[in-house]
Amino acid sequence: MKTIITRGVALLLAVLMVFGACGCNRGGNGGAKDDIQPLPGEVPVDLEGYEFTVIDVNSGRWNRELSGTPFADTWLQLMDEVESLYNCKLTATQVSPEEIFNVVQPEVAAGGKAADIIITTQWSMGQFVGADLMMDLNELDVDWNNEWWNQNIRRVSTFGGKTFVGNGSFIFDTAQTWLLYYNEAIWKQHGFEDPYELVDSGRWTMEKLAEYCETAAMDLDGTGVLDSPQDLWGLTAPDGDFTDALYFALGGHFFETNEEGKVTLACNTDRTYQIVEKMYNFVKKDKTVDITKYDPWQERFTMFAQGHALFLGYVPGVGGLQDMEDDWGVIPLPKFDEEQEDYYSSVDHNSSVFGVTDTNEDLREVSIILEALGRHGMMLENIYWPDYKDTYWRHPEQDTRMVSEYVVGHGQYDMALLMAKCSSAFSATRSRLYQTVFGSAGSDFSSYIDTVEEAIELQIADVFDYEE
C-alpha cells in the first residue's frame, strides 16, 4: 500500500514518512553544529567516530540531500545533533521490504551483524523473528519505558520474556495509523451532530457509524441498489486493510501473549464474535459499505473526493483532497460501544519497525545511539503535526487535535500482521475475518474458530518451540 501524495512527490514524502538528513538548530531554523547542546537530562558519550549502520526499506530516511519542509529539516537536525553530541556517524542502505530478508539473512548466518539496526515493515520483520535472527532487545542498555518508545508494539512482540521488535519516535507510526475522513457537505445535509463533539463525548460508536452510513447512502444510478461508484455509499475504503482497522478499533485482537509468556489465540472469545457480528451486519446486511471492485483500488479516493461516500477509511495523506469541492474532516474509527475505554485503530502492516540481529556484538554503541535517536526524535512529531496542519488539513485545528488526541499512540499491533509471512497459523484467522465481512464465508465466524483452534495452537507451538 502506498500513500498518495498531495503537495507533489518531494514535499509529501518529506511530510509523511521521509526522514532526511542535513543540519540546523533545534526548531529547524538553521545554525552551526558547534551550537548544539544536550537536551535536559542527557549525558552524551564520546563514541570516537563509531559508524552506526542502518538497513532501511525507506529510501528517504537518513538522506542528507532531502530538505525544504519543517519536518524534513527537523529530521536532518536530529542527525546532526546525534552525530555531534556522540561523535558518531549515521549511515544507511536502502533495501526493499521484499528483498531485505534475502539480503540480511545470509550475512547473519555467516556471523555478521548486517547492520546495527534493521528497519523494515511489520510483515517483513516477522520473517526475521520467525527465523530466530533477532536478538532480545532487553539485552541492550536501553530504558524501554522512556516516552520515546512505542509500548503497543513492545507488548505484542514480547513473548517468552523477550522482546524482538521496536518502534520509536524516529520512525513513529502515526502516518500509518488508520482513521476516517468524512464529507462535511453530506454530514451537514443530514443534520448529524458535530463530529468533534461526538468523538470528545465518547459517543462515536459502531452503532453511530452504521446509522450515519445508512442515512446517507443513496442509489444514484437508477439500478435500485447500491452497486457502482456512481452511487452514494456510506463508506468506502481499501477493504482488506480496513477490515483489520475496524476490527482493532472495536477492541479485537487475533493473538495475545498469556501469563506464561506464550503466544495464544485471542479471537476465540464471545467478545470477538460480537465484534465480527457487528462488522458482518455493517457490510453484508446494511449494504452501505462500498464493495465495488477497483483497478487500481486508489480510485476509492477519487470516489470520495467526488462526493460519492460519506466516509473514507485510510491513513493520513490521501491525495486529491485539497482540490475536493466539498469540505471534509477527520475523526478516529469508532468504538465498539460507549463502554469501550478508548478509541483504537490499527497500524498498517506496511508501517516501519526495527530490530537488532542476534549476531550484533556492538551492544554498547547500539544502546547509546538508539537512546539518542529516541530522545532527539521526540521533536519530529512536534514538528510533524504543525507542518501537516499548515499543508494538508481542511480544518487544521480540529483535525490536528483529533489525530493528536485519538490517533497518535492508539494504533494497535498484532501477531497476525507481524508474523503473517511465517506461518498460515498467523494469517488464517485474519483471512477468515476478511472473507466473513467482505467475502462469501458466511456469518458463522465462531464455528470456523472451533474447527481450526487446535490446529492453530499446534502450529504456534511449533513456530515458537513450545513443549506440550
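The values are calculated or read from the model by the stated rules, or taken from the named source; none is laboratory data. Computed from a prediction, not measured in an experiment: that's the story for all the values here. A quick note on method: Cβ atoms are made from the backbone with ideal geometry, for glycine too, and the neighbour counts reach across all protein chains shown. We work out accessible area using only protein heavy atoms, side chains counted, and drop any ligands, DNA or RNA first. Shrake-Rupley method; radii C 1.70, N 1.55, O 1.52, S 1.80 Å.
Looking at the stretch 437-468 only, could you name the residues that are assigned to a loop (DSSP other than H, G, I, E, B), free of Cβ contacts under 8 Å to residues at least 12 places away in the same chain and not polar (S, T, N, Q)?
The answer is Gly439, Ala441, Gly442, Asp444, Asp465, Glu467, Glu468.
Within the stretch 162-221, can you find the residues that are in a helix (DSSP H, G or I), in contact with a helix residue (DSSP H, G or I) (Cβ under 6 Å, 6 or more places away or on another chain) and either free of Cβ contacts under 8 Å to residues at least 12 places away in the same chain or under 30 Å from Val263 (Cα atoms) (or both)?
Within the stretch 162-221, Ser169, Phe170, Ala175, Met206 meet the criteria.
For residues in the stretch 307-325 being at pLDDT below 95, part of a loop (DSSP other than H, G, I, E, B) and over 22 Å from the mean Cα position of the chain (by Cα), which is surrounded by the fewest Cβ atoms within 10 Å (Cβ to Cβ)?
So, considering only residues that are at pLDDT below 95, part of a loop (DSSP other than H, G, I, E, B) and over 22 Å from the mean Cα position of the chain (by Cα), the one surrounded by the fewest Cβ atoms within 10 Å (Cβ to Cβ) is Glu325.
Taking the condition at pLDDT 95 or above, under 29 Å from the mean Cα position of the chain (by Cα) and either buried (at least 17 other Cβ atoms within 10 Å of the Cβ) or within 19 Å of Lys278 (Cβ to Cβ) (or both), does Glu211 pass?
yes
Does Gly409 count as over 30 Å from Gly41 (Cβ atoms), out of contact with any Cys (no Cβ under 8 Å at 6 or more places or on another chain) and in a loop (DSSP other than H, G, I, E, B)?
Answer is no for this residue.
Failed condition for Asn382, given (1) within 19 Å of the chain's Cα centre (by Cα); (2) touching a residue at least 60 places away in the same chain (Cβ under 8 Å), with all others met?
(2)
Tell me which residues, restricted to the stretch 331-373, are touching a Ser or Thr at 6+ places or on another chain (Cβ under 6 Å) and crowded, with 21+ Cβ neighbours inside 10 Å.
Leu333, Pro334, Lys335, Ser345, Val347
Answer yes or no as to whether Thr302 is at negative phi and open to solvent by less than 50 Å² (accessible area, probe 1.4 Å).
no
Which pairs turn up if I take residues in the stretch 326-337 that are under 23 Å from Thr302 (Cα atoms) and touching a residue at least 40 places away in the same chain (Cβ under 8 Å) and look for partners that are polar (S, T, N, Q) and surrounded by 18 or more Cβ atoms within 10 Å (Cβ to Cβ) with beta carbon separation below 6 Å, at least 6 apart in sequence or on another chain?
Asp326/Asn183; Trp328/Asn183; Leu333/Ser345
From the set of residues in the stretch 168-193 that are among the charged types (D, E, K, R) and over 15 Å from Pro332 (Cβ atoms), which is surrounded by the most Cβ atoms within 10 Å (Cβ to Cβ)?
Glu184
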